[in-house]
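See structure below.
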Amino acid sequence: MSNNRFCHFKLVLLGDTAVGKSCLVVRFVRDEFFEFQEPTIGAAFLTQTLALDDATVKFEIWDTAGQERYRSLAPMYYRGAAAAVVVYDITNPDSFAGAKSWVKELQRRGDQNVVIAMAGNKADLEAHRKVDFNEANEYAEANGIIHMETSAKNANNVKALFSEIAKRLPNNTQGGNGEREAFPILPQKQEARNCC
Amino acid sequence: MEPLADGEYDAIIMGTGLKECVLSGLLSVQGMRVLQMDRNNYYGADCASLNLTNLYEKFNAGQPPESLGANRDFNVDLIPKFIMACGNLTKMLLHSKVTRYLEFKSIEGSYVYKGGKILKVPATPEEALKSPLMGLFEKRRFRTFLLFVDQYDETKPETHQGKDLTTMTMKQLYESFGLVPDTHQFISHAMCLELDEAHMDKPALSTVKELQTYCYSLARYGTSPYIYPVYGLGGLPEGFSRLCAVHGGTFMLHRDVDEITYNENGEANGVKSGNEMARAKFVVGDPSYFPKEKVKATGQVVRCICFLNHPIPNCGDLESVQIIIPGPQVGRTNDIFVCSLSNSHQVAAKGIYIAIVSTKMEGDDADKEVVPGLALLGHIMQRFTMVATTYEPVSDGSSDKCFISSSFDASSHFEGDVDDLLSLYKRVTGKDLDMTINADSVEADY
């Protein structure tokens, strides 16, 4: 039976500062939420595995680490990303405009087949809503991207968003280009020589 | 004046070249607040890997022809260098765990120019015995010499065979094994990667250590001692910048520094950019960010970036090679390096090969200096030539709090540049960088 495929994908977060990118990931990975989450999560990347009906998908999630603040994300960030979550804050219309420009940036710099999901975060703050759900949905449909409103605070739609992404990812690859014989550098098990 | 970014930092780093990014990464890991700026809209400064648009713009060459392929397929290094698999840069990547952001591939072949021909640098003792580089008896002497170098351990006198490498010169060492001058040249230039003949009259120890690094690097991954990051060298500074950002560093690209500010003691204490300024305890940067009285010129390097639609001829049609032309072979003092890369390392569109010829300038006609290298390439579709003046700081930064890196050297690898980086680190922090790698810590903590 081949219904237990294991796939590994790089997923990047994009979006303006303070829209809740890190909170969304911390909720997804650790199922935690902190009202005053530090601006960066201090980790190179987090991983989380999702079991679907026919495959197990492991996400390697890259946070912007603050490099979005002055639009100084390195090409390395986009490279090899199979999926991207573009986050905006439903109480902040500027962040929605920002999200649209991040989608454009991604289409320009990312891989051609990158799966894009737009997350309208802070959906728990309905009373302060400034971004219309239907407007965002129409934009997403027109661009062929996933759209959901999420709340990292009450966990609403967080797992659903990542599951939806997982379903759209190709299920036969390791992510990226499997034919290359690239390798990570690993230290030698023992330092045999004093000069090496 | 408005505050620049957060306004207050421990360190302001100018330029996003490899050395500056390594330093910002290491400093922020230690808890320093770092602001890093670059006047360009890309990472890497002088050692960036450029896409076609940025490359053609840099050389004012108009629009790139569509026949080359897609812009995004190109990552063309401005400074061509390969990484010694067991050298100090690799150690630094492991030390900082920046390895987790990068993937590498071996360089397929290493060649040397001798008597008008391109010959493979032997990768194994068997290859050495078959190589047309040497005659039969010379091969045996070469093998005996390599065995001595392999066994040699500074701390174990029993491996010294009565030779004191701290006083014996390299020339004397070669001669003590009966090796002929052609072989000296081949070993020194193609394996020890000496740039000229100066090492011959110096104590042999450092050259022998270079040969050991070469041999261990070769044994590590196979066909050549070099490795190279997929997508180009630009990934190195990018990786270290991410390390810095993850630890709270602030990054501003496309933002030039107008002025470095000083306190009453002449110590740098911040920078101005437009109508904004930020303060810091010291500033670090490449020579281009500092007034010219703080740096001095050390020479000139010519680098010729060539697009080919074929692999370099006479090198086994390999996707990636290095050819070293020892200076004395073509009537020069300094060696000429040829590096070639292709789609296999994701630096060019399929079918396009990038060959870069570089050497230290000896006269004032750049085109003439690279002729022996260009002659090996066959048909060249497009050529960009640049002559860069190299600089080093006038002082160590202790009195003016301006810590300045040296320009990248003309060599084909990073070993000398890492020495400069270690020196910069020590000048900034007052400490030596601990380069001991804990082999078990790398995969565990992310």
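The values are calculated or read from the model by the stated rules, or taken from the named source; none is laboratory data. If you're wondering where the values come from, they're calculated on a predicted model, not measured in any experiment. Here Cβ is always computed from backbone atoms with ideal geometry, including for glycine, and neighbour counts include all displayed protein chains.
Conditions (1) buried (at least 22 other Cβ atoms within 10 Å of the Cβ); (2) of a type in the set (Val, Ile, Thr); (3) in the same structural domain as residue B:191 (by TED's automatic domain parsing), marked per residue:
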site	(1), (2), (3)
B:56	no, no, no
B:75	yes, no, no
B:83	yes, yes, no
B:87	yes, no, no
B:91	no, no, no
B:96	no, no, no
B:102	no, no, no
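Each row is one residue, and each column tells you yes or no for (1) out of contact with any Cys (no Cβ under 8 Å at 6 or more places or on another chain); (2) over 21 Å from residue B:319 (Cβ atoms).
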residue	(1), (2)
B:346	yes, no
B:357	no, no
B:363	yes, yes
B:373	no, no
B:376	yes, no
B:380	no, no
B:383	no, no
B:388	yes, yes
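Among the residues making up region B:232-252, a single one is farther than 14 Å from residue B:21 by Cβ and at pLDDT below 95: B:248. In region A:92-113 there is no residue matching the filter, namely being in a loop (DSSP other than H, G, I, E, B) and hydrophobic (A, V, I, L, M, F, W, C).
For region A:77-86, how many residues meet the condition of being over 18 Å from residue B:98 (Cα atoms) and at the interface with another protein chain (Cβ under 9 Å from one of its Cβ atoms)? Adding up the residues that qualify gives 0.
Using the structure shown, decide if residue A:68 is outside any loop (DSSP other than H, G, I, E, B), closer than 20 Å to residue B:251 by Cα and at pLDDT below 95.
Values: outside any loop (DSSP other than H, G, I, E, B): no; closer than 20 Å to residue B:251 by Cα: yes; at pLDDT below 95: yes.
Criteria not met by residue A:68.
Check every one of the strands (runs of 3 or more DSSP E) wholly within region B:309-372 and list those with 1 or more residues that are out of contact with any Asp or Glu (no Cβ under 8 Å at 6 or more places or on another chain) and among the small types (Gly, Ala, Ser).
B:336-341, B:353-360
Looking across region B:32-68, the residues that are on the phi < 0 side of the Ramachandran plot and of a type in the set (A, V, I, L, M) come down to B:32, B:34, B:35, B:37, B:48, B:50, B:52, B:55, B:61, B:68. Looking only at residues of region B:86-97 that are more than 9 Å from chain A (Cβ to nearest Cβ) and more than 17 Å from the chain's Cα centre (by Cα), we find that the one that is farthest from residue A:75 (Cα to Cα) is B:95.
Residues of region B:123-153 that are within 14 Å of chain A (Cβ to nearest Cβ) and assigned to a helix (DSSP H, G or I): B:149, B:150, B:151.
Checking each residue in region B:373-390 for being of a type in the set (Val, Ile, Thr) and not in a strand (DSSP E or B) picks out only B:380.
Within region A:92-110, the set of residues being of a type outside the set (A, V, I, L, M, F, W, C), more than 9 Å from chain B (Cβ to nearest Cβ) and touching a residue at least 24 places away in the same chain (Cβ under 8 Å) comprises A:92, A:93, A:94, A:95, A:98, A:100, A:105, A:110. In region B:168-267, counting only strands (runs of 3 or more DSSP E) that sit wholly within it, the ones holding 3 or more residues that are within 11 Å of another protein chain (Cβ to nearest Cβ) span B:226-229, B:250-252.
Would region B:417-433 turn up any residue that is basic (Lys, Arg) and in a strand (DSSP E or B)? Please lay out each step first, then the result.
Kept after step one, since they are basic (Lys, Arg), are these residues of region B:417-433: B:426-427, B:431.
Filter once more, keeping what is in a strand (DSSP E or B): none.
So far as region B:417-433 goes, no, none of its residues is basic (Lys, Arg) and in a strand (DSSP E or B).
Here is a list: A:53, A:63, A:31, A:89. Which entry is crowded, with 16+ Cβ neighbours inside 10 Å, in contact (Cβ under 8 Å) with a residue 12 or more places away in the chain and either more than 14 Å from chain B (Cβ to nearest Cβ) or over 15 Å from residue B:241 (Cα atoms) (or both)? Spell out the reasoning first.
Values: A:53 fails: crowded, with 16+ Cβ neighbours inside 10 Å; A:63 fails: either more than 14 Å from chain B (Cβ to nearest Cβ) or over 15 Å from residue B:241 (Cα atoms) (or both); A:31 fails: crowded, with 16+ Cβ neighbours inside 10 Å.
Exactly one residue qualifies, and that residue is A:89.
Condition check for residue A:11 on (1) buried (at least 21 other Cβ atoms within 10 Å of the Cβ); (2) within 14 Å of chain B (Cβ to nearest Cβ): one failure, at (2). Among the conditions (1) within 24 Å of residue B:133 (Cβ to Cβ); (2) in contact (Cβ under 8 Å) with a residue 60 or more places away in the chain, residue B:357 misses just one, which is (2).
Against the list (1) of a type outside the set (D, E, K, R); (2) within 19 Å of the chain's Cα centre (by Cα); (3) crowded, with 21+ Cβ neighbours inside 10 Å, the condition residue B:122 fails is (2). Picking from residues in region B:371-429 that are free of Cβ contacts under 8 Å to residues at least 24 places away in the same chain and not assigned by TED's automatic domain parsing to the domain that holds residue B:23, the one that is farthest from residue B:14 (Cα to Cα) is B:375.
Of these, A:74, A:127, which one is of a type in the set (A, V, I, L, M), more than 18 Å from residue A:162 (Cα to Cα) and within 14 Å of chain B (Cβ to nearest Cβ)? Show your work before the answer.
Working: A:127 fails: within 14 Å of chain B (Cβ to nearest Cβ).
Of the residues listed, the single one that is of a type in the set (A, V, I, L, M), more than 18 Å from residue A:162 (Cα to Cα) and within 14 Å of chain B (Cβ to nearest Cβ) is A:74.
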